[in-house]
Amino acid sequence: MNDIESALVKHISEHPGVHHNELVRALEITPDKLQRVSQKLREDGIVIINDFHGKTHYFPSDCDPWMQEIIALLRRETSREILLYLLEERRSYPAEMAEEIGVARSTLEWHLDRLIDARLIDKLHDGRQVVLILTEKGRVRKGIEQIDSSISALDV
């Protein structure tokens with residue numbers, strides 16, 4: 001394995017789910033070079049490359065497919081904030097959450113749709129209002145640990 005391949009594998013192992021553009025910046029290589037090197041590593045079964053919601057993410061070869069999607073969602077700041085908020089609060093109304101994390105309702109809904117599709121959040125009805133609840137606390141905590149050990153979701 002050459003120096004660039006080694007650096008790429010090391011970075012992906014240390015930062016599972018890293019975005020394509022983040023790798024380009026971190027390794028200071030061109031997008032074309034990253035694409036060529038990563039395709040070779042993918043063909044050799046050393047890394048996994050997957051697209052989630054319009055972004056290309058890179059994972060170590062032993063990363064579980066379902067965890068890949070969770071990690072990819074956690075790499076998005078707003079999705080991560082939603083999940084951390086629900087870990088802490090246990091449940092929330094969408095308007096309350098949008099205000100608390102500082103995003104427009106339309107932005108919140110875009111992220112909620114992806115989190116619901118991934119079966120991480122459910123929308124329940126409380127009378128006429130919708131309540132958001134986290135459905136996969138353990139997997140979310142595990143995903144947070146994998147992307148950033150400095151986030152202490154286990155204390156929540």
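The values are calculated or read from the model by the stated rules, or taken from the named source; none is laboratory data. Being a predicted model, the structure only gives us computed values, none of them experimental. Ideal geometry is used to build each Cβ from the backbone, glycine not excepted, and the neighbour counts take in all protein chains shown. To get the accessible areas, we keep the full protein, side chains included, count just its heavy atoms, and leave off ligands, DNA and RNA. Shrake-Rupley method; radii C 1.70, N 1.55, O 1.52, S 1.80 Å.
When every residue of region 80-102 is checked against the conditions, at least one turns out to be in contact with an Asp or Glu (Cβ under 9 Å, 6 or more places away or on another chain), open to solvent by 70 Å² or more (accessible area, probe 1.4 Å) and within 24 Å of GLN146 (Cβ to Cβ).
Residue-by-condition table, conditions (1) free of Cβ contacts under 8 Å to residues at least 12 places away in the same chain; (2) part of a strand (DSSP E or B):
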position	(1), (2)
LYS40	no, no
THR56	no, yes
ASP62	yes, no
TRP66	no, no
ILE70	no, no
ILE82	no, no
GLU96	yes, no
LEU112	no, no
LEU115	no, no
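Total residues in region 117-129 satisfying the condition of being open to solvent by 40 Å² or more (accessible area, probe 1.4 Å) and either assigned to a loop (DSSP other than H, G, I, E, B) or not acidic (Asp, Glu) (or both): the figure is 7. Of all the numbered requirements in (1) in contact with a strand residue (DSSP E or B) (Cβ under 6 Å, 6 or more places away or on another chain); (2) closer than 30 Å to LEU124 by Cα; (3) among the aliphatic types (A, V, I, L, M), LEU84 misses one, and that requirement is (1). For THR107, the test of being in contact (Cβ under 8 Å) with a residue 12 or more places away in the chain, out of contact with any Asp or Glu (no Cβ under 8 Å at 6 or more places or on another chain) and closer than 30 Å to ALA7 by Cα is failed. Within region 96-136, being on the phi > 0 side of the Ramachandran plot and more than 18 Å from the chain's Cα centre (by Cα) holds for GLY102, GLY127.
Against the definition (touching a Leu at 6+ places or on another chain (Cβ under 9 Å), buried (at least 19 other Cβ atoms within 10 Å of the Cβ), within 30 Å of VAL24 (Cα to Cα) and at pLDDT 90 or above), how does LEU108 come out, yes or no? No, not satisfied. Against the definition (of a type in the set (A, V, I, L, M, F, W, C) and touching a strand residue (DSSP E or B) at 6+ places or on another chain (Cβ under 7 Å)), how does ALA95 come out, yes or no? Spelling it out, it is not the case that ALA95 is of a type in the set (A, V, I, L, M, F, W, C) and touching a strand residue (DSSP E or B) at 6+ places or on another chain (Cβ under 7 Å).
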